[in-house]
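As structure tokens, the structure follows; a few thoughts come after it.
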Amino acid sequence: MKITKRIATALAVIALGASVFADEAYDIVKKSSTLEAPDTSQAVMMISNIEKNGATELREMRQYGRKVNGLKSTVFDFRSPASVKDTRVLQAEKNGHEDDRWIYMPNLRQVRRIPMGERYKQFVGCEFTYNDMAIRHVDDDKHELLESNVKVTAGSKNYTCWKIKSVPLKKSEVEYSYRVQYIDTETYLPAKIEYYDKKDQNKIMKTYTTEDWKYLTSKTGKKYTMRMKARIVNNISGRQTFLEIKDPLMDAGVSDAYFTQQYLSTGKAK
């Protein structure tokens, strides 16, 4: 009887420990995914698609963002090269519903909704997917703290991170089986994310890194943490996409007209 009680006690301690780690992981990911964002933002995004042989295509995109009642909307407007010019994407958070995402394709002169089943696809030919271009909600995954004080170097930055495994609750909505996130203990930014293959769950299919970030002050005096350089590498094909933010402007006002299907199709915010 004493042995049985000891075993039961040990199992209870293990279960309690697992629960504590799960709660801590949830709280860390929640803070990371809900970092304070400006009410409005705009910036230039330079995107480099780099092939395995080193050939590079440079794209310029404008980004416009706003936050209303805590819900974020973002517009991406491609300006060059000619192959993607005037392609525009709108994504808008919805309360209690899946996010809305729309794309205007200039060659078809058509705005269409991007269904949930297509959001794992490449974002206008980049290694980032449509899912990557939005912040994933903490409740979309089950989180487990694997390790603390993990050192990560990415670009010009050195990080000390929590290592957290995040398993999607709806695997049909994503292109991977699970993610391992390395979340910086100072900024709560994801220093690195490893995405594991659905067919071989021991194989990393792609890797994201935050290669530079800054504390920036907005027009209203608020301070924000902004990712300035990020990279995602397709570990299977060797292709990668590098993204750099230039000329960020926060809390300076952005017309509501940007966040409409009319702007998507015309490129005019009037």
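The values are calculated or read from the model by the stated rules, or taken from the named source; none is laboratory data. Computed from a predicted structure; not experimentally measured. Ideal geometry is used to build each Cβ from the backbone, glycine not excepted, and the neighbour counts take in all protein chains shown. Heavy atoms of the whole protein, side chains included, go into the accessibility calculation; ligands, DNA and RNA do not. Shrake-Rupley method; radii C 1.70, N 1.55, O 1.52, S 1.80 Å.
What the table below lists for this structure:
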quantity	calculated
Strands (runs of 3 or more DSSP E) wholly inside the stretch 182-268 containing at least 3 residues that are under 20 Å from residue 48 (Cβ atoms), open to solvent by less than 50 Å² (accessible area, probe 1.4 Å) and of a type in the set (Ser, Thr, Tyr)	204-217
Those residues of the stretch 139-163 which are within 23 Å of residue 243 (Cβ to Cβ) and of a type in the set (A, V, I, L, M), in sequence order	152, 154
Hey, residue 194 among the charged types (D, E, K, R) and under 18 Å from residue 123 (Cα atoms) or not	no
Residues being of a type in the set (Asp, Glu), under 16 Å from the mean Cα position of the chain (by Cα) and part of a strand (DSSP E or B) - total across the stretch 114-154	1
Candidate set: the stretch 33-71, residues that are in contact with a helix residue (DSSP H, G or I) (Cβ under 8 Å, 6 or more places away or on another chain) and at pLDDT 95 or above; chosen: the one surrounded by the most Cβ atoms within 10 Å (Cβ to Cβ)	66
Scope the stretch 43-87; condition of a type in the set (Ser, Thr, Tyr), part of a strand (DSSP E or B) and over 17 Å from residue 259 (Cα atoms); matching residues	48, 56, 80
In the stretch 158-187, residue nearest to the chain's Cα centre (by Cα) [restricted to those that are over 16 Å from residue 120 (Cβ atoms) and polar (S, T, N, Q)]	181
So residue 151, is it at pLDDT 95 or above and among the basic types (Lys, Arg)	yes
